[in-house]
Amino acid sequence: MPKSLTTKSLERDGVRLSRGRILLLTLAIYVSLAFVLSLLAIKPAFYGLSTILGTTILGTTVMGTTILGTTVLGSTLLGTTSLVQVYSEALLMGQLALSLIAIWMLVYLELSDPAYGKTRRLIEEIRKSWLPLSVMLILLFVLIVFFRISAILG
Amino acid sequence: MDFSQFSRFPSGLMVAASAIIGVSTISYFILNALFGYAFELLLFSNVVFTVTGLLMLFISGLRGSLVLDALYFVVVLALVEEVLLNSSLAWYGLALALLGFVLLPLAGIVLADKDDRVRIVFEVCGLLFATRIVFSPFPISLLESAVFLPAIYTLIMSGVIVYLWFSRIPLGKIGFSKGSIRLSFQVLAGISVGAILGLVEYIILRPKPIEIGSSAISNVLYLVVTMMVFVGLTEELLFRGLLQSHLVDLMPKWQAVHITSLIFGLLHTGWLNPMEIVFAYSAGIVTGYLFIKTSGLTTPVVAHGFGNIVLYMITQWL
């Protein structure tokens, strides 16, 4: 049985780290490294890494450039549309949908708050399950607002 | 076929993997001859890949309950979402990802019937779809930036951390452990496997070199940190650490590795290369196997990260 990082603690060199601290430390490392890498990166044309959409849609993937040229891959189905146009529209719609869902989740969390009185078990379970989702959506919503304001000011 | 062998690990996994790789590769060449490099090639190749994968699960006995049927649905949802997201109907793909993100945890609650293992599996599936929506807030101009990749993976990791914070899943369960063998052996195994994976992926993709920094050193530094920490750790934590480790509680090990790898493969559709999907599935099988054998995330993360480093290093220097 491996000596694992159990629910409560990690023991390393005599130092015990709580579970929460390990998670916060991981997040801090990610944020710090992302910042350092942003200082290193001066050229934009980076593309095609792994699974993230943005890296493949605007960059030039193997099939997308060498064989299909710059047309949208789905052009055989829907006629010719600009790649950037397709994803610009998708992002706009995505931002709208994401914002609405984030607001809806906030409302749900408020209405299902146990402080208002006893609620049904299903409602409680949904609240528990949606809580981390809500935090993520609110984080994304804040970013949407930030970039919107930046665009207006810039 | 001797079905009694089919339920064992890793023989069942080898049979299923051989079938899916064989069928998908043959169909790829046939479809390529029929359509050339067009959207139809991607669409039909993905369908053949998914159907073969699900068929292997079905004939091996993974059926009979709503929970298992719902897992088939998750794989099909991933197929449809990815194909749409990489077509001119991208918005519909994004909408499906959003729906998966919000509704799969609900499905988990309904299907779980007080079984936390089922609930966690569907919540994690929802998290996988979250990786498709995290780029939404960014303006399209920023998606071209080199900063985008670390930023997006930091967002994904934030989501995972928030989820882990609330769900109280033991960190040992998801692979944050020293593993069952010596750490140096784990790293060595990861590097060896990663080198082979990177070489094979290079043959399939032949990507352009990465040129984002002011010097060769900054390029290499960017590559190593991005691939090992951002890509390797985040993806392995999501797929092997969270999904596979909880699927193992619901079904035989090989089926858990197989389903995880199917979804992992499908989420590589963005490369627009059907053989990359088959490759990602195979890589998922290998890292999934290593995760089980070493009882930790170290080897899978090193293999994944080093594989990607080799892929771009070859491109850089050839």
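Coordinate-derived values only; no laboratory data. Everything quoted here is computed from the prediction, not taken from an experiment. A quick note on method: Cβ atoms are made from the backbone with ideal geometry, for glycine too, and the neighbour counts reach across all protein chains shown.
Results, tabulated for the structure shown:
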{"read-out": "The one condition in (1) without any contact (Cβ under 8 Å) to a residue 40 or more places away in the chain; (2) among the hydroxyl-bearing types (Ser, Thr, Tyr); (3) buried (at least 22 other Cβ atoms within 10 Å of the Cβ) that residue B:136 fails to fulfil", "value": "(1)"}
{"read-out": "Subset of the stretch B:86-132 (residues that are surrounded by fewer than 24 Cβ atoms within 10 Å (Cβ to Cβ), farther than 17 Å from residue B:260 by Cα and within 9 Å of another protein chain (Cβ to nearest Cβ))", "value": "B:87, B:89, B:91, B:92, B:93, B:95, B:98, B:102, B:106, B:109, B:110, B:112"}
{"read-out": "Residue match in the stretch B:119-135 (condition: among the small types (Gly, Ala, Ser) and farther than 30 Å from residue B:223 by Cα)", "value": "no"}
{"read-out": "Of residues in the stretch B:160-176 being outside any helix (DSSP H, G or I) and without any contact (Cβ under 8 Å) to a residue 12 or more places away in the chain, the one farthest from the chain's Cα centre (by Cα)", "value": "B:168"}
{"read-out": "Only listed residue being assigned to a helix (DSSP H, G or I), among the small types (Gly, Ala, Ser) and more than 8 Å from every other protein chain (Cβ to nearest Cβ), chosen from A:151, A:102", "value": "A:102"}
{"read-out": "Residue check, residue B:159 surrounded by 22 or more Cβ atoms within 10 Å (Cβ to Cβ) and either in contact with a Phe, Trp or Tyr (Cβ under 6 Å, 6 or more places away or on another chain) or within 21 Å of residue B:308 (Cα to Cα) (or both)", "value": "no"}
{"read-out": "Helices (runs of 4 or more DSSP H) (entirely within the stretch B:205-318) containing at least 1 residues that are under 14 Å from the mean Cα position of the chain (by Cα)", "value": "B:253-266, B:274-294, B:298-317"}
{"read-out": "Some residue of the stretch B:181-192 being out of contact with any strand residue (DSSP E or B) (no Cβ under 7 Å at 6 or more places or on another chain), crowded, with 21+ Cβ neighbours inside 10 Å, at the interface with another protein chain (Cβ under 9 Å from one of its Cβ atoms) and not aliphatic (A, V, I, L, M)", "value": "no"}
{"read-out": "Filter result (in contact (Cβ under 8 Å) with a residue 60 or more places away in the chain and either at the interface with chain A (Cβ under 9 Å from one of its Cβ atoms) or under 16 Å from the mean Cα position of the chain (by Cα) (or both)) within the stretch B:63-85", "value": "B:71, B:74, B:75, B:78, B:79, B:82, B:83, B:85"}
{"read-out": "Residue check, residue B:282 more than 9 Å from every other protein chain (Cβ to nearest Cβ) and touching a residue at least 40 places away in the same chain (Cβ under 8 Å)", "value": "yes"}
{"read-out": "Candidate set from the stretch B:18-62 (those that are touching a residue at least 60 places away in the same chain (Cβ under 8 Å) and polar (S, T, N, Q)); member that is surrounded by the fewest Cβ atoms within 10 Å (Cβ to Cβ)", "value": "B:25"}
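For (1) within 11 Å of residue B:193 (Cα to Cα); (2) crowded, with 24+ Cβ neighbours inside 10 Å, each residue gets a yes or a no:
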{"site": "B:276", "(1), (2)": "no, no"}
{"site": "B:281", "(1), (2)": "no, yes"}
{"site": "B:284", "(1), (2)": "no, yes"}
{"site": "B:288", "(1), (2)": "no, yes"}
{"site": "B:293", "(1), (2)": "no, no"}
{"site": "B:296", "(1), (2)": "no, yes"}
{"site": "B:300", "(1), (2)": "yes, yes"}
{"site": "B:307", "(1), (2)": "yes, yes"}
{"site": "B:315", "(1), (2)": "no, no"}
